[in-house]
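The numbers here are math on the coordinates, done by the rules we state, and not lab data. Everything quoted here is computed from the prediction, not taken from an experiment. Heads up, the Cβs are rebuilt from the backbone with ideal geometry, glycines too, and the neighbour counts pull from every protein chain shown.
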Amino acid sequence: MKELVQLAIGGPAAIGARASATLTDLLASSGVQVVRTGSVVLEWPNAALPSQTSAWESAQPAEHDPLAFAFRHLTGSGPRDPWATPVDPIRVQVADWIRSERLRSTPPWPDGATGAIAIIHEARPFEQERSGLRGRLSRSPKEPPLAPYERLAAVERARHVPSALRSIDLLQPSEQAQVRALGFALDTPAGVQIAARPGFRRGTAFPTRGYDTAAERAAEWIELPLLGDTPDAGLRALLNSGGGAALSIPVERFAGEHAAEEAVIYDELLERLQGVGLWLTTPEELLRRLYA
């Protein structure tokens with residue numbers, strides 16, 4: 001059963017807003033939804049997550065104020081490399097806090113799924129056929145520009161896996177209509193970002209909100225971590241924690257002379273992910289589950 005909680009945030013207003021946004025995401029990662037009025041009230045600061053006002057304005061270690069450290073890490077607003085030290089130990093502290101409050105939590109994924117992965121593809125611009133003499137002198141026939149999309153869609157259709165396209169501004173409106181007809185979602189939230197470096201622990205296991213410093217409120221964008229083009233060792237941690245990540249595979253991989261082999265590899269990958277109980281979905285659906 002998912003517990004609904006209300007946060008009672010102490011401290012200066014600006015820090016409280018940042019702490020509230022960070023805690024909302026950390027609690028969501030354990031299947032606990034934050035609402036304005038809930039069945040349980042959680043108070044911060046507390047023994048599990050102490051507060052030090054100066055930590056929010058400096059790059060102090062996690063032990064000085066774990067929540068301030070988590071905020072800097074998740075938003076990338078700190079002066080240090082945000083990938084240098086993972087935020088996962090702080091997530092463990094939040095989980096311990098949940099247990100001490102005797103909250104009941106379950107992963108928010110449907111049909112008993114053990115975790116979730118949003119499938120995202122970077123769009124490939126359509127290559128226009130050359131006309132005139134250049135076209136006639138072309139040494140090798142070019143496959144239709146829609147072929148890589150068709151190859152990819154066929155694999156996902158057979159596995160009943162939905163996915164979304166990013167960078168659709170690379171396609172003309174008529175081309176967007178063609179790929180939409182193949183089943184790709186084009187309504188990926190505009191703010192969804194992918195972590196710049198691969199690897200489960202390079203980011204965080206769950207979507208995270210940024211913080212709009214000027215407005216002093218949680219930002220509208222969400223960052224989804226990049227799991228990599230194949231499940232790495234972090235997949236075990238993902239399953240254990242019931243988290244959600246993003247799998248980014250560019251359409252470009254399904255074009256060219258090795259396209260058929262890539263389609264087979266991708267099909268096997270989806271089979272493995274489904275076999276371990278993951279819910280494969282689009283970024284929009286993943287975010288709806290966490291932040292509806």
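The table for this structure:
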{"item": "Inter-site label distance for residue 39 and residue 284 at 7 Å from Cα along Cβ, in nm", "result": "3.1"}
{"item": "Calculated over the stretch 4-100: convex hull of Cα atoms, volume per residue (Å³)", "result": "88"}
{"item": "FRET E, pair residue 268, residue 92, Förster distance 22 Å, beta-carbon r, rounded to 0.05", "result": "0.10"}
{"item": "Residue exposure sequence - 252, 156, 271 - by fewest surrounding Cβ within 10 Å", "result": "271, 252, 156"}
{"item": "Full-extension gain in nm, residue 104 to residue 187, via 0.36 nm per residue minus C-alpha separation", "result": "26.5 nm"}
{"item": "The stretch 4-100, dipole about Cα centre (Lys/Arg Cβ +1, Asp/Glu Cβ -1), debye to the nearest 20", "result": "200"}
{"item": "For residue 168, net neighbour charge (Lys/Arg +1, Asp/Glu -1) across residues whose Cβ lies under 15 Å away", "result": "-3"}
